[in-house]
Every structure is written in C-alpha cells, then in structure tokens.
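Below: one structure, written as structure tokens.
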Amino acid sequence: ELQRAWRAVQAGQFRAPHHRTAQSRRLSFSPAVSTWSPAEPVLPVIGCVGQCGASTLALALATAAGDARVVECCPATRSGLTTAATAELGHTATGWRLGRREQLEILRAGAVHCSVADVPAPDHQAGPEPVVTVLDIGWDLGQVLATPGWIQQQVTTAEQLVLVTTASVPGVRRLEVAATVLGPRRCVAV
C-alpha cells in the first residue's frame, strides 16, 4: 500500500497546482462504459431515501464478506465513504479514487458526475479477486432505471438487491415503490 501511495504521489495525483483555473479543477477521464461484467457476484445497495445509511450498510456487508470490494457510484460531492479508507492509493485510470480498509478495496468517484451515464465502470482490482463487489448506488432509483449503462445493467440483472430506508411512513412508502418496481422477490429490505 505504501508503494502504491508513493507512486501516486510521484505521479502527481495528490498534488494540486497553486495556479489552477476553474476549468482545470474538473478532472476529466475517459467516458463511462455502457456495460461491465465482473467475474465476482455483485450486490447492489440502494437507498430509498436520502441519509438512510446505505453507504454504511454497503461497507458493513463488504466487511462481513472478507476479501471484497465496495464501489460507491454517487458523485464525489455526495460520498458517504469519504473517511472509510484507512489508506488512500490515488486514482485509477478511469478516475476512481482507490482506497483500502483492511482487506477491502474501496472505489469512490474522483470527480463530480452530473448523470448516472457519466459514471465510469470500475477498472481496478488491487489485490486478489474479491469474493463480492458491493455497489453503493447513491442515485435516485428512477434516474438509474431511466439511464442506460452499466449501473442500470447491474441493478436490473442482480439476483439480489438490498433496499435501505428509514423507519418512517415516507421511508416505508418509498421502499414499497422501489420493491414493486424492482420485483419484491429479489429485494431484501433493511
């Protein structure tokens, strides 16, 4: 981890020039890939309402799985996993921020994405093949289902989905709508 972090420092991934303009502050990486086919199983975690703990649950599920990977799909400005990594290892080729927490690999958005279609497919696997990849979706379910791409593909084809909500009337109503749209037999409610 130290060697990868040092290589990232040498490559300038942790340096910020003092004379940056507003245009150069945006990170530009290759465009999003429309499909993604990982070798390991993928478990999407979808928050039905904001601030319901979906990121925390995604991290907990991946931790329980052992050698796993968490991919947080939301824009960098909405990250719930900003402090989850104990080691920051720089950016991947497509712009993901790579971090580690014990045996977990954590991928977070390295840029602000204005649409689900802008999110690049995960491209990095630092260690051994993960047992599971947990996707912290981080977008409104309607946006995900209406936007073709790898995130929509993973949500619509997953055998199991985890729906997270709050213990409130509005939270349970949003959960009910999400389960109805996605198919209640493949949804687990938390």
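The values are calculated or read from the model by the stated rules, or taken from the named source; none is laboratory data. Just so you know, these numbers come straight off a predicted model, no measurement behind them. Note: ideal-geometry Cβ built from the backbone for every residue, glycine included; neighbour counts use all protein chains shown. Only protein heavy atoms, including side chains, enter the accessible area calculation; ligands, DNA and RNA are left aside. Shrake-Rupley method; radii C 1.70, N 1.55, O 1.52, S 1.80 Å.
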Ignoring ligands and nucleic acids, residue 139 exposes an accessible area, probe 1.4 Å, in Å² to the nearest 10, of 20
On the formula 1/(1 + (r/R0)^6), with r taken between the Cβ atoms of residue 146 and residue 103 and R0 of 30 Å, the FRET efficiency rounded to 0.05 is 0.25
Ordering of 169-177, 56-64, 105-113 by packing [mean C-beta count within 10 Å, highest first]
105-113, 56-64, 169-177
First measure r as the distance between the Cβ atoms of residue 117 and residue 185, then evaluate 1/(1 + (r/R0)^6) with R0 = 41 Å and state the FRET efficiency to the nearest 0.05.
0.90
Summed residue charge, Cβ within 11 Å of residue 74's Cβ, Lys/Arg positive, Asp/Glu negative
-1
If the only charges are +1 at each Lys and Arg Cβ and -1 at each Asp and Glu Cβ, what is the size of the charge dipole of the chain around the Cα centre, to the nearest 20 debye?
560
Which option, (i) 24, 20, 16; (ii) 29, 19, 15; (iii) 32, 18, 13, is the value of semi-axes √(5λ) of the Cα gyration tensor in Å that was calculated from these coordinates?
(ii)
Using a 1.4 Å probe and ignoring any ligands, DNA or RNA, find the accessible area of residue 34 and quote it in Å² to the nearest 10.
80
Computed over the chain: longest principal axis from alpha-carbon atoms vs helix 169-182 long axis, angle to nearest 10 degrees, is 90
Considering only DSSP beta bridges whose two residues both sit in region 31-190, what percent are antiparallel, to the nearest 5?
35
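What is the gain in length, in nm to one decimal, between residue 1 and residue 37 on full extension, counting 0.36 nm per residue of separation less the C-alpha to C-alpha distance? Write out the running numbers ahead of the final one.
Values: separation 36, 0.36 × 36 = 12.96 nm, distance 2.64 nm.
Full-extension gain reported as 10.3 nm.
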